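What follows is calculated from the coordinates using simple rules that are stated; it is not laboratory data. Not measured: the values here are computed from a predicted model. Every residue, glycine among them, receives a Cβ derived from its backbone with ideal geometry; neighbour counts consider all protein chains shown.
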């Protein structure tokens, strides 16, 4: 007798193979059989008639490093059919970190991935292993895969100092990265528009990559520029991977700024050239035309030297405010200027703030908020950053739909939401998050499959299952419906599956997903999450 049996469903096995009708049996945490199981008994039978059965979706790019600790339900993931997610992206991570540098890292994290959450941030660990063990003792509803973040490593060693690392600092950073790989990280990430990534040279990053090469790790980057300087930034990323002796993965591939729309074709040409020369290059994207970041990312990088408190103090000085204003409007060579990429303050939404006094600003554009307060938009941004201690998240409109479509429908592009997980109740119910936190998988089916016909169901599922599983090194046990693989399974109605989240009203779960199974345990049934089921696991890198 099987523990569970899914009957009458249409199977999308994750490989891109055409759909077929079959039953699936589960014993414990593994898929035990696939085929005609009509004569077999099972303790639990799920009738999937009229529905599609697929591997659980893998959210390839998230910033849920903290949110999974505050609310283990990972609700916006489960309602999206996600059974695994990847953290440590964009050089932003929670380890490794020594005790004396924890305050620096916490202040930095509060401006980036969980800036407006109403909770005290903590770092009850020093190493990646200790952080992973914390997750293992407090398991979330979904599986977790983690990178080691270059930002955390550099903060741990150098704080927010600009300049070149000394030989001793370099050796220390490489040693900690080596240990992180031994602890189970899958590679190194960088966020080169953020500090301290922006302070880091390509030579330093290539040297760090040499520490992950013996483990089969790869370099995953939020490039230094995704707008006017994108081609140079891509050249830099290729240099780092080649000289570090590792594969390259480009995060959230895009072309920012109206003046750069259409350049995605050139980006692909350069990637294909690097591939032809022997470099393994992969990439992911999210299916939206707006991004999301901290308001402090709009400020020139010199303001951030020394960390958040230093930035706040500089923003109070009239002469430095004027200097920063000039840089915002004119740009700095080598710096991605978000204001110039968006085309104006009317194209930047305030997603969330920390203080109750300013909550009324959430959902307004910077232009509208500044007008309401009778302020110049730049001065408004300075004052808001001071009032909120830089804990302000924004949603800038930066991409064209044609470019997004071209990237998303590329056969080799995998999908990541580039978001924290949220919930419609509890501690993660805050602000006006980017709708991608709730709707990424729904958009893939509603827009790309059903409305536009740009992808088949098989295509869309592959992009969120076997394709990312291969890059993550877990394709021999997850990402495909196959006997002996872990039972991460999603059942959805092809007629009704759709995103509901919008920029104006983002806190709406994707609909049409009926059942979610994580490691053989039912986490969602009949469209409703079972809150007490936290069946996710920490998926540490394995030596192959």
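Structure data summary
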read-out	value
Percentage relative contact order, the chain, counting C-alpha pairs under 8 Å, at least six apart	22
Contour excess over end-to-end distance, with Cα ends at residue 30 and residue 355 and 0.36 nm allotted per residue	112.4 nm
Spin-label pair residue 18/residue 232, simplified geometry with 7 Å Cα→Cβ offset, distance in nm	5.1
CD proxy at 222 nm, helix term only [per DSSP H run n ≥ 4: -39500 (n - 2.57); per residue of the chain; nearest 500]	-8500 deg cm²/dmol
Ranked by how many other beta carbons lie within 10 Å on average, peptides 159-171, 459-471, 502-514 from highest	459-471, 502-514, 159-171
Whole-Å distance, taken between Cα centres, linking the range 365-397 and the range 256-327	19
Kirkwood Rh (inverse of mean 1/r, distinct Cα pairs), the range 301-396, angstrom	13.8
C-alpha long axis of helix 230-244 to longest principal axis of the chain, angle in °	70
If the convex hull is drawn through the Cα atoms of the chain, its volume per residue in Å³	131
Estimated FRET transfer efficiency when R0 is 22 angstrom, pair residue 164-residue 310 (beta carbons, to 0.05)	0.65
Helix axis angle, 128-137 relative to the chain longest principal axis, alpha carbon, degrees	50
The range 1-156, relative contact order [Cα under 8 Å, separation at least 6], %	23
The range 1-68, Cα convex hull volume normalised per residue, Å³	123
C-alpha center-to-center spacing [the range 151-186, the range 442-495] in angstrom	35
